Amino acid sequence: MNIETAFTPIEAISGGALIGLSAVLLMWSMGRIAGISGIVAGAILENGEERNWRLLFLAGLFVGAVLAAVSTGALDDVVSVASVPMLVVAGLLVGLGTRMGGGCTSGHGVCGISRFSLRSLVATVIFMASGIVTVFVIRHLLGEGV
């Protein structure tokens with residue numbers, strides 16, 4: 001299977017702007033950083049109002065993604081190139097890396113870099129390098145998804 005990636009600048013700019021806007025609105029309205037891993041952890045561990053805003057934020061992410069996919073037909077031709085066990089292992093590794101890195105790409109990459117955090121800059125460089133190496137290994141060394 002040959003995987004082609006279409007560059008869609010309008011969608012990319014729009015999506016990035018919406019992510020940035022949501023991060024700004026969360027910081028402005030609640031004084032919170034829009035780090036998804038921290039929001040998920042708090043939704044599981046916290047109670048009351050602290051849990052409620054987190055669940056609403058996560059629901060908004062899910063509903064927004066579903067609405068965008070349905071309205072654009074973006075998922076019509078999507079076929080997973082990875083097996084279920086590989087997806088489970090990948091998810092667990094991402095979770096482990098998120099805990100080890102003290103946050104996720106949204107917390108460090110979107111919110112941390114915009115606040116000029118050196119820690120977030122280093123974490124984001126490591127995230128990106130890890131992603132590049134992972135794609136290289138999976139596509140070129142293991143021959144998956146090609």
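Bear in mind these aren't lab numbers, they're just calculated from the coordinates by the rules spelled out. Note that the coordinates shown come from a computational prediction; the quantities given were computed from them, not determined experimentally. Every residue, glycine as well, gets a Cβ built from its backbone with ideal geometry; the counts of neighbours run over all protein chains shown.
Let me have the relative contact order for the chain, percent, based on Cα pairs under 8 Å that are six or more residues apart.
The value is 29 percent.
Just to verify a number: FRET efficiency for Met100 and Val137, C-beta to C-beta distance, R0 = 25 Å, to 0.05? Could you put the intermediate results ahead of the total?
Numbers: r = 19 Å, r/R0 = 0.77.
Rounded to the nearest 0.05, the efficiency is 0.80.
Working out 0.36 nm times the residue gap between Asp77 and Leu93, then minus their Cα-Cα distance, what length gain in nm do you get to one decimal?
Working: separation 16, 0.36 × 16 = 5.76 nm, distance 2.71 nm.
My answer for the length gained is 3.1 nm.
Separation of the stretch 1-64 and the stretch 80-146 by C-alpha centroid, Å?
Here the answer is 17 Å between Cα centres.
Rg to Rh ratio, the stretch 1-75, alpha-carbon atoms and Kirkwood radius?
Values: Rg = 15.2 Å, Rh = 14.2 Å.
Across the stretch 1-75, the Cα-based Rg/Rh ratio is 1.07.
Which one of Met27, Ala82, Phe7 has its Cα pushed farthest toward the positive end of the charge dipole of the chain, where Lys and Arg give +1 and Asp and Glu give -1 at the Cβ?
Going by the charge dipole, the pick is Met27.
Working out 0.36 nm times the residue gap between Asn47 and Met128, then minus their Cα-Cα distance, what length gain in nm do you get to one decimal? Don't jump to the answer; show the numbers that get you there.
Details: separation 81, 0.36 × 81 = 29.16 nm, distance 3.38 nm.
Net length gain for the segment: 25.8 nm.
Indicate the helices, whole DSSP H runs only, in the chain that combine a mean Kyte-Doolittle hydropathy of -0.5 or more with a Cα extent along their long axis of 30 angstrom or more.
Sorted by number, the helices that extend far enough and score high enough are 9-30, 48-72.
Using the Cα atoms of the chain, I'd like the radius of gyration and the largest Cα-Cα distance, Dmax, both in angstrom.
Gyration radius and largest Cα-Cα distance of the chain: 16.9, 48 Å.
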